[in-house]
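Asks: A single structure is presented below for examination.
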Amino acid sequence: MQTHNRRMPRRWLIAALLTLVNLPAAAQTSLTVFAAASLTEAYGEIGKAFEQRHPGTTVKFNFAGSQVLATQIEQGAKADVFASADTRWMKYAEEKSLISGTAAIFARNQLVVVVPKTNPGQINRLQDLARPGIKLVLAGRQVPAGAYAREALNRLKGAPGFPKAYDQLVLTNLVSEEENVRAVAAKVQLREADAGIVYQTDVTSNLRPQVTLIQIPDPYNPIAEYPVATVKGGQDELGAAFVALVLAPEGQAILRARAFLPPAATP
Amino acid sequence: MKQGVLLEAGGKIATLVIAGVLGALVALPLAGLVLRVSPDGLLQQLHSSEVQQALWLSLTTSLVATVICLVIGLPMAALLASRNFRGKRALEVLMDLPMVIPPTVAGFALLMAFGRAGVLGSTLSAFGITLPFTTAGVILAQVFMSVPFLVGAARAGFAAVEPRYLEAAATLRAGEVYTHLRVRLPLAMPSIVAGLGMCWARALGEFGATITFAGNMAGSTRTVPLDVYLLLHENLDAAATLSLLLVVMAAVLLTAMRQAGLGFFAPPRAPGSAPASAR
């Protein structure tokens, strides 16, 4: 009985060790892509297309606010490709020499105000965002979408039909600064926020039936530029192939289907 | 015989090595934090109004949450420790759940219950109460996440009171409530205080439920852990300083509890045995 008792754990230990040894052998080639939260659906699809073209390769994604991704890469996270929602965090990554090669703009995006269908804050036009007491949710200042939203408010102040202190009035209504743009959309979808400012592309088919959109006119709507690049120390060749697919007609078609604007024609 | 000696020696060495690895696993990240922070930077950060705001908010919300946990946790602990009833098992599991579910899930569940579109949302707003995006929401999230520590500790404390003390009180014709207040509660006090300490530490460190349920806004909902998360992408030195501050606060609390013989995971002492300080 005693020998039996003593042997059992040993047998388990051997089994556990064998499992550990086996793990790496089971993995195949994989490509790790760090991409802005707003790219979740589009990149997910591009990833599938990539896997079809490169049998045996799995594309793994890390979707988060671009500022989170840039810091993670800086702190040594293993990534092959980095796609940011603004040039600021790509520049940051370039300055810290985390990027190999040059970054290419692959898409552009614009902002839109989203309001729950039930419209608890009675918001029907942009001016209503300045009405005291409404609950506005934006992405934080460090998040590209948050920076663009503040830029839009800043451009709108003093515009025809808008008060001089429009941006300040609106920001007084700010009740939460979310860590990525998708969290803003979620707070509106949950009807906790009266309004939020997100990218056009965040209004997914899942969100669309539950929200009303208020457009921000063109001259006041900042255009977000999305750069993509391969990461230094990553798998250059495979990473470059992914970047090429994003820029190729196939990748561009997927992005267009998700309402991303084409990158500006090169001058 | 020889085999036995080998086993003994091997076992001892393995124990030491593995314990050493674990010690390093916990100590190294903390040492890394200390190395990242300069004394000048620490002082500078403490003078920043945003840091002060977050510290003050963390301190007040966590203390209020701890008091609420005490008030609402003790009756439940007494009930679970002293009575048997149908559904007790389920209630015990329910009380332990917040300790093991992911905080983000807890925050989401809180939204589903107390959010504007939640189950109680319309009732609450009829009374003019809103919880998401408010400091009250932060406190609710902290209470939800930390109350199991108080209930668990107090329940163990109550249960460890020897029945003979309660029987003695009964022979002196003391009522049930009187016995509870004057006999059981004092005897369970060390466990309750230990539970309070853990409860406070958990509330102070609460992140996921807070950011999901209460949002993230300087002055009203941005507690120190949320500020650390934000600063990670803005100012690493400030993030390190605030992190270190939280670690130090927790370490001081745990040390103080140890010194007072109130270790949370210490086996409950039999009443009447010598307190740790006399050992």
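Each value in this text was obtained by applying a stated rule to the coordinates, not by laboratory testing. None of these values were measured; they are calculated from a predicted model. No Cβ is skipped: glycine too gets one built from the backbone with ideal geometry, and neighbour counts run over all protein chains shown.
Asks: Listed residues B:G137, B:G175; which is under 13 Å from B:A209 (Cα atoms) and among the small types (G, A, S)?
Replies: Details: B:G175 fails: under 13 Å from B:A209 (Cα atoms).
Answer to the check: B:G137.
Asks: I need the full set of residues from segment A:165-195 which are outside any helix (DSSP H, G or I) and in contact with a Lys or Arg (Cβ under 6 Å, 6 or more places away or on another chain), in order please.
Replies: If we filter segment A:165-195 for residues that are outside any helix (DSSP H, G or I), which is where we start, we get A:165, A:173-180, A:190-195.
Across segment A:165-195, the qualifying residues are A:V175, A:R191, A:E192, A:A193, A:D194.
This table checks each residue for (1) free of Cβ contacts under 8 Å to residues at least 60 places away in the same chain; (2) basic (K, R); (3) farther than 25 Å from B:F149 by Cβ.
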{"residue": "B:T15", "(1), (2), (3)": "yes, no, yes"}
{"residue": "B:Q45", "(1), (2), (3)": "no, no, yes"}
{"residue": "B:T66", "(1), (2), (3)": "no, no, no"}
{"residue": "B:N84", "(1), (2), (3)": "yes, no, no"}
{"residue": "B:M99", "(1), (2), (3)": "yes, no, no"}
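Asks: Can you tell me which residues in segment B:155-211 are farther than 19 Å from B:A81 by Cα and loosely packed, with under 15 Cβ neighbours inside 10 Å?
Replies: Those that are farther than 19 Å from B:A81 by Cα and loosely packed, with under 15 Cβ neighbours inside 10 Å: B:T171, B:L172, B:R173.
Asks: In this structure, is A:Q142 surrounded by fewer than 17 Cβ atoms within 10 Å (Cβ to Cβ), out of contact with any Gly (no Cβ under 6 Å at 6 or more places or on another chain) and over 13 Å from A:G196 (Cα atoms)? Lay out the reasoning, then the answer.
Replies: On the way: surrounded by fewer than 17 Cβ atoms within 10 Å (Cβ to Cβ): no; out of contact with any Gly (no Cβ under 6 Å at 6 or more places or on another chain): yes; over 13 Å from A:G196 (Cα atoms): yes.
Taking the combined requirement at face value, the residue does not satisfy it.
Asks: Which residue pairs have Cβ atoms closer than 6 Å, lie 6 or more positions apart in sequence or on different chains, and pair a first residue in segment B:224-246 that is within 13 Å of another protein chain (Cβ to nearest Cβ) with a second residue that is buried (at least 21 other Cβ atoms within 10 Å of the Cβ) and of a type in the set (D, E, K, R)?
Replies: Qualifying pairs under 6 Å: none.
Asks: Take the residues in segment A:149-167 that are basic (K, R) and within 25 Å of the chain's Cα centre (by Cα), then tell me which one is farthest from A:A139 (Cα to Cα).
Replies: A:R155
Asks: What's the number of the condition A:E237 fails, among (1) surrounded by 22 or more Cβ atoms within 10 Å (Cβ to Cβ); (2) over 26 Å from B:S125 (Cα atoms)?
Replies: The single condition A:E237 does not satisfy is (1).
Asks: Quick one: which residue in B:A174, B:A218 is of a type outside the set (D, E, K, R), assigned to a loop (DSSP other than H, G, I, E, B) and facing chain A (nearest Cβ under 10 Å)? Write out each step before concluding.
Replies: Details: B:A174 fails: facing chain A (nearest Cβ under 10 Å).
On inspection, the qualifying residue turns out to be B:A218.
Asks: What are the residues in segment B:56-93 that are part of a helix (DSSP H, G or I) and surrounded by fewer than 12 Cβ atoms within 10 Å (Cβ to Cβ), if any? Lay out the reasoning, then the answer.
Replies: Taking segment B:56-93 as the starting set, the residues that turn out to be part of a helix (DSSP H, G or I) are B:56-82, B:88-93.
Passing the criteria: B:V71, B:P75, B:R89, B:A90, B:V93.
Asks: Specify the residue that is farthest from B:P98 (Cα to Cα); the eligible residues are those in segment B:186-215 that are more than 10 Å from chain A (Cβ to nearest Cβ) and part of a loop (DSSP other than H, G, I, E, B). Before you say what the answer is, go through the steps one by one.
Replies: Residues of segment B:186-215 more than 10 Å from chain A (Cβ to nearest Cβ): B:186-210.
Filter once more, so that each one left must be part of a loop (DSSP other than H, G, I, E, B): B:206-207.
On the way: B:E206: 12, B:F207: 14 Å.
Among those residues, the one meeting the criterion is B:F207.
Asks: Moving on. Name every residue in segment A:185-223 that is away from every other protein chain (no Cβ under 14 Å), buried (at least 18 other Cβ atoms within 10 Å of the Cβ) and of a type in the set (D, E, K, R), in order of residue number.
Replies: Once the filter is applied, which keeps residues that are away from every other protein chain (no Cβ under 14 Å), buried (at least 18 other Cβ atoms within 10 Å of the Cβ) and of a type in the set (D, E, K, R), segment A:185-223 yields only A:D202.
Asks: Would you confirm whether or not segment A:139-161 contains a residue that is among the small types (G, A, S), facing chain B (nearest Cβ under 10 Å), assigned to a helix (DSSP H, G or I) and under 24 Å from A:N109 (Cα atoms)?
Replies: No, the conditions are met nowhere in segment A:139-161.
Asks: State which residue is nearest to the chain's Cα centre (by Cα) when the search covers only segment A:248-267 and only residues that are surrounded by fewer than 17 Cβ atoms within 10 Å (Cβ to Cβ) and under 16 Å from A:A104 (Cα atoms).
Replies: Once the filter is applied, the top-ranked residue is A:P262.
Asks: Please indicate, with yes or no, whether at least one residue in segment A:117-128 is more than 14 Å from every other protein chain (Cβ to nearest Cβ), farther than 21 Å from A:Y220 by Cβ and over 22 Å from the mean Cα position of the chain (by Cα).
Replies: Applying the first criterion (more than 14 Å from every other protein chain (Cβ to nearest Cβ)) to segment A:117-128 yields A:122-128.
Going one step further and asking which of them are farther than 21 Å from A:Y220 by Cβ, we end up with A:122.
Add one more test, that the residue is over 22 Å from the mean Cα position of the chain (by Cα), and what stays is A:122.
Scanning segment A:117-128, I find at least one residue that is more than 14 Å from every other protein chain (Cβ to nearest Cβ), farther than 21 Å from A:Y220 by Cβ and over 22 Å from the mean Cα position of the chain (by Cα), so the answer is yes.
Asks: Would you be able to tell me the number of residues in segment B:107-147 that are away from chain A (no Cβ under 13 Å), crowded, with 24+ Cβ neighbours inside 10 Å and not in a helix (DSSP H, G or I)?
Replies: 0
Asks: Ok, one more. Among the numbered conditions (1) surrounded by 11 or more Cβ atoms within 10 Å (Cβ to Cβ); (2) over 25 Å from B:V228 (Cβ atoms); (3) aliphatic (A, V, I, L, M), tell me where B:V17 comes up short.
Replies: (1) is the only condition that B:V17 fails.
Asks: Please go through segment A:214-231 and give me each residue that is over 25 Å from A:V188 (Cα atoms) and among the small types (G, A, S), ordered by number. Talk me through it step by step, then tell me what you get.
Replies: Step one: filter segment A:214-231 for residues over 25 Å from A:V188 (Cα atoms), giving A:219, A:227-231.
Answer for segment A:214-231, where residues must be over 25 Å from A:V188 (Cα atoms) and among the small types (G, A, S): just A:A229.
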